[in-house]
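The values are calculated or read from the model by the stated rules, or taken from the named source; none is laboratory data. Because the structure is predicted, anything quoted here is derived from the model rather than measured. Ideal geometry is used to build each Cβ from the backbone, glycine not excepted, and the neighbour counts take in all protein chains shown.
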């Protein structure tokens, strides 16, 4: 069995070996840049780990795993334009380092580079893998659309929110697991369990991400907290608070959302006080726990020896324990 | 044999029947809009015509042909943002009718819808078709990059220019033909001749497009002429003129390129006078003719009965005779 670190090294080597043997560097420089500033390589590692669950031979899953990472980075290049993000993983975003046009076009070419990687899946399963990948890519676009639409909406229900994070985040984790299982020659039932493991893990992960922005320890989390509150972001915390609040609490919450000029620290403190009185942290932690439980139940049910599952369990725990 | 009009109807029906059975309309409205404002459906018709050259059964080529049209429209959605174009086929561009973010995201989803259409190619050839399609899509991105880079360059050689239009325009026409031939079960030699037919036709077509902007009859052409001269666009006409001019002509030409405020009519007249003295129209028409001759030679060499080629010859002639 490969460990997380071994698999991340395999992915990093595959990223490093990507060759862009083409006429112009200008198009591919931003691709290399974005791919090299790294991140945790969660998705491709999951593809390889999921494959490794069913077979010791993971070589054939490396390029498709890389394809999932390229697809993920394609969405980042374009999402960062749409969200006007300045920084990504501590470095300037592509549209800021170059310009918007370059980020659009270098993003575009990544979609086709991802296709190419996915097309390298083993012949007997390549069409299955392509279908999973492509359906997922369309879902991710729909998720991003929902996320964009939320900004303009005055009310978002928690059902809508959960559907959005499912499409924008969880299906990609799910598909990464599923593709690994398909290439690892798992049977249809095991493949679908791996998909469910990934989907529920992805849901829990995204909900945790919302929790961390408000309740994370900045030293552990590595980012400032409270930015979601300052920007009125429709996180699951705010959505739940708006559902549960009434009377004066609801009035104060709505007032805070409408403030045009304010002291960020004060706004964070006021909103957090309401969250605390409504017990939002526990409510949302419980939601995340339910997804975590479903994830582990799906993995538990996969018909392979327990010791083969250990690396995946460790990775899942690492992902979900960032709050502590 | 199907005629151009019959095949265009088949394509239009396929466009009309595209179903977007998803959660959100906002993402797909711009896709439907851009696909429905039409155009001549050159690329998918070429796929079907090329298939029809080798077989009477063209049904299996319809979805892949549609894929080429969707890919083409994907590039238009994003190119229009990059070029800040306001109008496309007489209607507002997607980023103007909606906004830039929507045009990026709806463009993105089109790349994956195109994948899906291409993946519907018949099983025995689907991987071949996917490879042609995907390599072409990457080349089109490189062509767009070169085109963007040209704007910032003070000098572009005619060799660079020809490479740019080959990648940005000709390979897409070539791939449309090639995919039709592959699905029509043509042999490897015939497939490569069809690719060359398309490539040379695409080159001649793009060179003609430059000629039309300066020398077209606005009544026939349907657009104002001289816009390329006004905007200093590095067309093959200007590139050739800069290569051939010397002395006072070169001086005047360079002065015109540097003018910051000017009367458009006067600038067009001055530049056109230099073009005329340098015989640019004939020089560039000769270039187009050489590509046209190579295109017809490639088609001529394809091993099917002459009468089967008639529709393709008619379509090629229509495309190339727009100037008259």
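Cβ-Cβ distances below 6 Å connect the following pairs, each with a first residue in region B:32-51 that is within 20 Å of residue B:108 (Cα to Cα), a second residue that is assigned to a loop (DSSP other than H, G, I, E, B), and a separation of six or more residues or different chains: B:37/B:89. Of all residues in region A:115-170, exactly one satisfies the criterion of being facing another protein chain (nearest Cβ under 9 Å) and outside any helix (DSSP H, G or I), namely A:119. Within region A:271-280, being surrounded by 17 or more Cβ atoms within 10 Å (Cβ to Cβ) and either assigned to a helix (DSSP H, G or I) or within 27 Å of the chain's Cα centre (by Cα) (or both) holds for A:271, A:272, A:274, A:275, A:280. Going through (1) surrounded by fewer than 16 Cβ atoms within 10 Å (Cβ to Cβ); (2) over 29 Å from residue A:18 (Cβ atoms) one by one, residue A:146 falls short only on (1). Screening residue B:17 against (1) touching a residue at least 12 places away in the same chain (Cβ under 8 Å); (2) more than 14 Å from chain A (Cβ to nearest Cβ) leaves a single unmet condition, (1).
Residue-by-condition table, conditions (1) in contact with a helix residue (DSSP H, G or I) (Cβ under 8 Å, 6 or more places away or on another chain); (2) farther than 30 Å from residue A:190 by Cβ:
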site: A:243; (1), (2): yes, yes
site: A:251; (1), (2): no, yes
site: A:294; (1), (2): yes, no
site: A:313; (1), (2): yes, no
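Every test in (1) crowded, with 18+ Cβ neighbours inside 10 Å; (2) under 21 Å from residue A:126 (Cα atoms) is passed by residue A:56 save one, and that test is (1).
Within region A:59-72, which residues are without any contact (Cβ under 8 Å) to a residue 60 or more places away in the chain and either surrounded by fewer than 23 Cβ atoms within 10 Å (Cβ to Cβ) or more than 24 Å from residue B:149 (Cβ to Cβ) (or both)? Those that are without any contact (Cβ under 8 Å) to a residue 60 or more places away in the chain and either surrounded by fewer than 23 Cβ atoms within 10 Å (Cβ to Cβ) or more than 24 Å from residue B:149 (Cβ to Cβ) (or both): A:59, A:62, A:63, A:66, A:69. Screening region A:186-268 for helices (runs of 4 or more DSSP H) wholly inside it with 1 or more residues that are under 19 Å from the mean Cα position of the chain (by Cα) and not assigned by TED's automatic domain parsing to the domain that holds residue A:159 returns the ranges A:188-215, A:218-221, A:227-230, A:236-244. The requirement of being crowded, with 24+ Cβ neighbours inside 10 Å and more than 11 Å from chain A (Cβ to nearest Cβ) is not satisfied by residue B:110. Within region A:68-102, if we keep just the residues that are assigned to a loop (DSSP other than H, G, I, E, B) and under 17 Å from the mean Cα position of the chain (by Cα), the residue that is nearest to the other protein chains (Cβ to nearest Cβ) turns out to be A:83.
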